[in-house]
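Below you'll find the structure, written out as structure tokens, and then a few comments.
A short reminder: the numbers here are calculations on the coordinates, not readings from a lab. What you are looking at is a predicted structure, and each value in this text was computed from that prediction instead of being measured. For neighbour counting, all protein chains shown are included, and Cβ atoms are generated from backbone atoms with ideal geometry for every residue, glycine included.
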Amino acid sequence: MSDGPHRSLPMRPKWKRVAESADNAAFGADEICNALVPALEEDCRSEVSAEFLDGLRRFCTDQETLLFKKEALPALESLRDLSGSGMGRVVLEHAIQAAATGSVGIDIAEKAVNHALRDRGARCARQVEEHYCRESSVPRANQVRGRIEKAIGDADIAGITRRVLNPGTGKATVEKRAGLEDGVKL
């Protein structure tokens, strides 16, 4: 007998915790958000290199100090080798798009990381849904995906963005419950 489809989910442990929380009706929306934030942050920190983020921040701060803004596309394209192939590439593509639509300075980096985190959350929600469709039922899969998508909408993505772009600010943690008074919120 299985403990639930989240056990066999081929994702990182923090995403398994998100799926478990979304699948269990005893968990509220805020608790799903509390599991989602560390999962997104872990993905970003593990897939986006510090060198790439340094280059992106340097580009953004250089843009802020210049009186006449230089063309952003060549400078951002020079970061392509550092971006890698996963989430770093998505951040770079969003940075190029933000610069092309008129964003300047650190706003470029913030928009890029924010959009990349939302993209990752949506992609992972679909991956969880697909797994639940195979291992369980379609209505259950739809419910889990809907709860994860609501958590993405409610999550503090801007806070994750700030922590990722400012490396000394620490990481998000999951609140653990240890006592009897720490049970299900009413």
- Message: Take A72 and tell me if it is of a type outside the set (S, T, N, Q), in contact (Cβ under 8 Å) with a residue 12 or more places away in the chain and buried (at least 19 other Cβ atoms within 10 Å of the Cβ).
- Response: yes
- Message: Out of R57, R7, I need the residue that is surrounded by fewer than 19 Cβ atoms within 10 Å (Cβ to Cβ) and free of Cβ contacts under 8 Å to residues at least 24 places away in the same chain. Which one?
- Response: R7
- Message: Tell me yes or no: at least one residue of the range 107-115 is crowded, with 17+ Cβ neighbours inside 10 Å, under 22 Å from P38 (Cα atoms) and of a type in the set (S, T, N, Q).
- Response: yes
- Looking for whichever is without any contact (Cβ under 8 Å) to a residue 24 or more places away in the chain and either more than 15 Å from the chain's Cα centre (by Cα) or at positive phi (or both) here; the options are E20, E64, E51. Which one fits? E20
- Query: When you look at R12, is it over 20 Å from the mean Cα position of the chain (by Cα) and charged (D, E, K, R), yes or no?
  - Reply: no
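Condition check ((1) closer than 17 Å to N114 by Cβ; (2) under 15 Å from the mean Cα position of the chain (by Cα); (3) among the aliphatic types (A, V, I, L, M)) across all residues:
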| position | (1), (2), (3) |
| --- | --- |
| A29 | no, no, yes |
| N34 | no, yes, no |
| V37 | yes, yes, yes |
| S78 | no, no, no |
| E93 | yes, no, no |
